[in-house]
Amino acid sequence: MGRVLAVIIWLLTLLSVVIFFNKKWWLPPAISDHAPALDRQFVLTIIIVGIAFTAAQVGLGWMVWKYRDSGRADDRALYTHGSNRLEVIWTVITAIVFIGLGVMGQRVWASLRLHDAPPGSYSVEVVAQQFQWNFHYSGKDNVFGRTDPSLIDDSALNFIGIDEADPSAKDDAVTSSLVIPVNRPVELKLRSKDVIHSFWVPPLRFKQDLVPGMEIKVHFTANKVGKYELACAELCGQLHFKMKSYMLVLPEDQLTALRALPQEQFQAKLQELLTNTPLAPSY
Amino acid sequence: MSETHEVHRHPAPTGFIRKYIFSVDHKVIGIQYIMLALAAVVVGMLMSLLMRLNLSWPGTKWSILETLFPAGAPGGVMNPEFYLSLVTMHGTIMVFFVLTTAPQGGFGNYFLPIQIGAEDMAFPVLNMLSFWVTFVGFIVILAAIFLSGSDSTVGPIGGWTGYAPLSALGAIAGPGQGMGMNLWIISIAIFCVGSLLGALNFITTLLNMRTRGMSLMRMPLTCWAWFTTAVLALLSFPVLLGGGILLLLDRTAGTSFFIPGGLYVSGVLSGSNPNFPLHTGGSPILWQHLFWFFGHPEVYIAILPGMGATSHILATFARKPVFGYRAMVFAIFAIGLLGFFVWGHHMFISGMSPYSAIAFSVLTLSIGVPSAVKTFNWIGTLWGARIRFSTPMLFALGFVSLFVAGGITGLILGQSSLDLPMHDTYIVPAHFHLVMGVASIFGMFAATYFWFPKMFGRLMNERLGQIHFWITFVGVYSIFVPMHVMGLVGMPRRFSSFTEYEFLKELHPLVVFVSIAAIITITIQLLFYFNVFWSMFKGKKAGDNPWEATTLEWNTTSPPPHDNFAGVIPSVYRGPYEFAVPGAPKDFLMQADSGAEVTSGNGHNGHKH
């Protein structure tokens, strides 16, 4: 029985490790500047996790393999209550490894979250609502027109409540897909009209909740042109699974030309680009 | 000493109702809790089965579904809100009515007083109330299934975490947010009250009612686990209770604790319409803080009793003292204490301060240290052992394996940066199901097979038990390990369908594999149910001490008499796990063996009242 259990534990361990380190199901190819550092931290972590997992399971299997009851009355177990030395050694070693890993893991976080977006970032307001994304771009003036919840009128397609009387709103545009420049820091100002949503583009290695009543500013730099799926990652109600959009990363000059178009043409042209651009492969 | 016990002595009741229904006997109450969990887990498991069907074979027409839920599954195909209500109710029922009731209210209630040599809990009537309050909570959550306010759901659809403002806005936020949500909050509030009553009782009993010689450091590790769990419950449930009341007020009294101003929901501006009154100034993140201040300790409430049972059973069947008893006690404390400082790791990307994320992250990784210490000591206990492979031992060994497998990915999820890709993907349910769900349940399976002969005087069928173990053990690995990989690819949790996204399509074979594994694993649990009820009446008769164990519950008859020790409370002379003592006549020395011929370890002076 002990040997069977040991073999099953070892087999399960082996299979778990194999499925974790397969090539097919893995993080999607990264497209952001912070991703390589994040992926390195992930790989380091998963190696430590893999070693600790394997060592513990192999050890457990070894004990059940080796120390079976012989059934003889005179054959007794080792009488020991433990070893303080061992306790100290393994406590200190795990403390150093685990906490060290935790501290190292803050580097990427700090670089992204403890600083404002660099000057000259491309700025987009994101306003989520149940099952739909709205992306608000300032025009040539680089100033976002005033918005006000009391001006929101979904039936008139004023999804984010833009104040048409505000002169700086004249050249603004609102789309249902996100378009950003490549290799230039992007700042998103995240808001929500109703419940909590979450901005999630897997190859970007980036996720952030959009919380009603708050404007959350985040930033990242995408470094690969292409079309990517954008999902809502926070349960927001009935059609949460359909709250889908796309993120289109364009060369800067192409984006500048696109943004120079009047609102309707911008939307139409963006739609055309989205239709004609194939999705970036996810693995 | 004896005076203390006089106070609690009460004659055995004779009527059926006082004996089995409104009983004040901790043993009956313990069994009531276990039965409640056995009933609740069926509901929770059936819900997960339905979810798996929907995820792996989308669009398939299940005519049985249409018969049962004509509005939730029109044409036999589940609609999204029905799926989400299954998600919510599955989580709520499993976390509260299974993982919090059986380990603590069930086995803790039954065995804590006996293991410390007490005749009952300190407050027997309070104990009865705590069960019946919990039972009412269960009735209310069942009511939420049938009175959800929209006939296309079986309850609210916001997940067991009930994040505001989705949970706070009421029917305007969509299906499932009406009466079902109110009942959900009320059920949990009632549950909190029941758990608080129980926690007070556990703490008082353990501190005041230990028999002569039962010093704290001679207690079985199960008692340490139940005690720490009770302290966690005492400190965390009030916060959830308070949060729940505020949430209910937001929904029914027009307050704005969790609802900010300027919301525009389903085409209506807050305050512009009687269906959606004016709200202003609330904070959605406040709910998350209150919820997770409870929710994280709750994870340890679910698993600490399993750890205690595992330590206890490993030593018994290894025929060897627990390795590093003292370190085990400190590790339980460390886990309990640190458990209160890490709730923010559920909220790295919630919009809270990124600086606090750093503190929460480092504290979270440090909770891995006492968890690792426990694992090392379990393996240490097996080193040089003479293992007897009975079903309880198999499940205890399974617990260790699963606890490692599930717990270790906490090193990934606890890092704020890695949460950027990992948060709210399938790696999260994979992680917590393995560790707080399946490992805890393995602890309870071990406890059931182990203590069943004491509770019912008969052994469970060993052959059925072993089949149950092998299939369940391989089954749960097959279900939850592939889910980790889905998370790496980026599959979001709480999606009722994966067909909308191209990047999720490559995962479909895994989704189907997991569902098949789940169906097999769930089906085999019938064997466990059969074994429990068959063995109650037909099982092999067990003596007082069928496992040759050492602690006080094995010093009395199986099942124990109403006052546990028939009026003669044993005194304790040694530590709880004195196996293989050199020179002893047998390979185990019971705590109550007074034999002075052997001096064994852990022999502190007797505790004095």
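The values are calculated or read from the model by the stated rules, or taken from the named source; none is laboratory data. This structure is a prediction, so every number in the text was calculated from the model and none was measured. Cβ: placed from backbone, ideal geometry, glycine included. Neighbour counts: every protein chain shown.
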> From A:52, A:6, A:56, which residue is modelled with pLDDT of 95 or more, under 30 Å from residue B:462 (Cα atoms), facing chain B (nearest Cβ under 9 Å) and buried (at least 19 other Cβ atoms within 10 Å of the Cβ)?
Replying inline: A:56
> Being surrounded by 21 or more Cβ atoms within 10 Å (Cβ to Cβ), of a type in the set (Gly, Ala, Ser) and more than 9 Å from chain B (Cβ to nearest Cβ), is that true of even one residue in the range A:121-135?
Replying inline: yes
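Looking at B:189, B:173 in this structure, which one is closer than 16 Å to residue B:237 by Cβ and among the hydrophobic types (A, V, I, L, M, F, W, C)? It would help to see each step written out before you state the result.
On the way: B:173 fails: closer than 16 Å to residue B:237 by Cβ.
On inspection, the qualifying residue turns out to be B:189.
Among the residues of the range B:378-400, how many are part of a helix (DSSP H, G or I) and either more than 7 Å from every other protein chain (Cβ to nearest Cβ) or in contact (Cβ under 8 Å) with a residue 60 or more places away in the chain (or both)? Give the steps one after another, and end with the answer.
From the range B:378-400, those part of a helix (DSSP H, G or I) are B:378-382, B:391-400; that's our starting set.
If we keep only those that are either more than 7 Å from every other protein chain (Cβ to nearest Cβ) or in contact (Cβ under 8 Å) with a residue 60 or more places away in the chain (or both) as well, we get B:378, B:381-382, B:391-400.
So the answer is 13.
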>> Residue under question is residue B:58, and the condition is that it be outside any helix (DSSP H, G or I), surrounded by 14 or more Cβ atoms within 10 Å (Cβ to Cβ) and not aromatic (Phe, Trp, Tyr); does it hold?
In response: yes
>> If the requirement is being among the hydrophobic types (A, V, I, L, M, F, W, C) and modelled with pLDDT under 95, which of these qualifies: B:568, B:514, B:572?
In response: B:568
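Can you work out which of the residues in the range B:473-500 that are assigned to a loop (DSSP other than H, G, I, E, B) and within 7 Å of another protein chain (Cβ to nearest Cβ) is nearest to residue B:163 (Cα to Cα)?
So the first thing to find is which residues in the range B:473-500 are assigned to a loop (DSSP other than H, G, I, E, B), and the list is B:490-491, B:493-500.
Those still in the list that are within 7 Å of another protein chain (Cβ to nearest Cβ) too: B:490, B:494-497, B:500.
Numbers: B:490: 22, B:494: 13, B:495: 16, B:496: 18, B:497: 21, B:500: 24 Å.
Among those residues, the one meeting the criterion is B:494.
Scanning for something within 14 Å of chain B (Cβ to nearest Cβ), closer than 28 Å to residue B:495 by Cβ and under 17 Å from the mean Cα position of the chain (by Cα), does the range A:263-274 turn up at least one residue? Before the answer, list the steps.
Our first condition is that a residue be within 14 Å of chain B (Cβ to nearest Cβ); within the range A:263-274, this holds for A:274.
Pick out the ones that are also closer than 28 Å to residue B:495 by Cβ and you get A:274.
Of the ones still in play, those that are also under 17 Å from the mean Cα position of the chain (by Cα) are none.
No - not one qualifying residue is present in the range A:263-274.
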>> Here are the criteria: (1) in contact (Cβ under 8 Å) with a residue 60 or more places away in the chain; (2) over 15 Å from the mean Cα position of the chain (by Cα). Tell me which single one residue A:220 does not satisfy.
In response: (2)
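Can you work out which of the residues in the range A:207-217 that are crowded, with 24+ Cβ neighbours inside 10 Å and facing chain B (nearest Cβ under 7 Å) is nearest to the chain's Cα centre (by Cα)? Reasoning before the result, please.
So in the range A:207-217, the residues crowded, with 24+ Cβ neighbours inside 10 Å come out as A:207-212.
With facing chain B (nearest Cβ under 7 Å) added as a condition, the list becomes A:207-209, A:211-212.
Working: A:207: 4, A:208: 7, A:209: 10, A:211: 16, A:212: 20 Å.
Checking each candidate, the answer is A:207.
For the range B:495-514, how many residues meet the condition of being surrounded by fewer than 20 Cβ atoms within 10 Å (Cβ to Cβ) and of a type outside the set (Phe, Trp, Tyr)? Steps first, please.
Of the residues in the range B:495-514, the ones surrounded by fewer than 20 Cβ atoms within 10 Å (Cβ to Cβ) are B:497-500, B:502, B:505-506, B:508-509, B:512-513.
Keeping just the survivors that are of a type outside the set (Phe, Trp, Tyr) gives B:497, B:499-500, B:502, B:505-506, B:508-509, B:512.
Number satisfying all stated conditions: 9.
So that you can scan it fast, the table gives a plain yes or no per residue for (1) hydrophobic (A, V, I, L, M, F, W, C); (2) closer than 16 Å to residue B:194 by Cα; (3) in a helix (DSSP H, G or I):
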site: B:228; (1), (2), (3): no, no, yes
site: B:238; (1), (2), (3): no, yes, yes
site: B:242; (1), (2), (3): no, yes, yes
site: B:271; (1), (2), (3): no, no, no
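Looking only at the range A:146-158, decide whether some residue is more than 9 Å from chain B (Cβ to nearest Cβ), of a type in the set (Gly, Ala, Ser) and farther than 23 Å from residue A:247 by Cβ.
Looking only at the range A:146-158, we keep the residues that are more than 9 Å from chain B (Cβ to nearest Cβ), and these are A:146-147, A:151, A:156-158.
With the extra rule that they be of a type in the set (Gly, Ala, Ser), the set shrinks to A:156.
Adding the requirement that they be farther than 23 Å from residue A:247 by Cβ leaves A:156.
Checked the range A:146-158: at least one residue is more than 9 Å from chain B (Cβ to nearest Cβ), of a type in the set (Gly, Ala, Ser) and farther than 23 Å from residue A:247 by Cβ.
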